[in-house]
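One structure is given below, encoded as structure tokens.
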Amino acid sequence: MNYEIAVSPELNLNVKEIVASWNASPEAKAVATAQVKESDAVNYGDPITLTVVLVGMVVTVTTTVLTNVLTKVIEEKLLPKEKTPKAPAFKITATTLASGTTMLVVEQAE
């Protein structure tokens, strides 16, 4: 199964930092390797920045497991340690595309 992660620019998260943090996390790296997708950004309602592709899935995992790992990567590596107004609240929504790829969309929580 193919997985991609799309990040809304309103979160001010650097996609390359997400990739680096994912690949530096033993828990995340045990699941897959993250890479920046070189194709154009895809619009899922809100403008989306670069897309991350998870490649080399070494184990079969559920979308819930991937969402939990992604949440930890973002919270532990990218958000300020102290919860301040600058630390964006986010949500991750899973969508299955016509191609069969599961897209994890990271966007501002309402």
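Values in this text are rule-based calculations from the coordinates and carry no lab data. Note that the structure is a prediction, hence the values are computed from the model and not measured. All Cβ positions, glycine included, derive from the backbone under ideal geometry; neighbour counts span all protein chains shown.
What nm distance separates the two modelled labels at residue 20 and residue 64, each placed 7 Å from Cα along Cα→Cβ?
Distance between the two pseudo-spin positions: 3.4 nm.
Mind sorting 107, 76 by how few other Cβ atoms lie within 10 Å of their own Cβ, fewest first?
By the 10 Å Cβ count, ascending: 76, 107.
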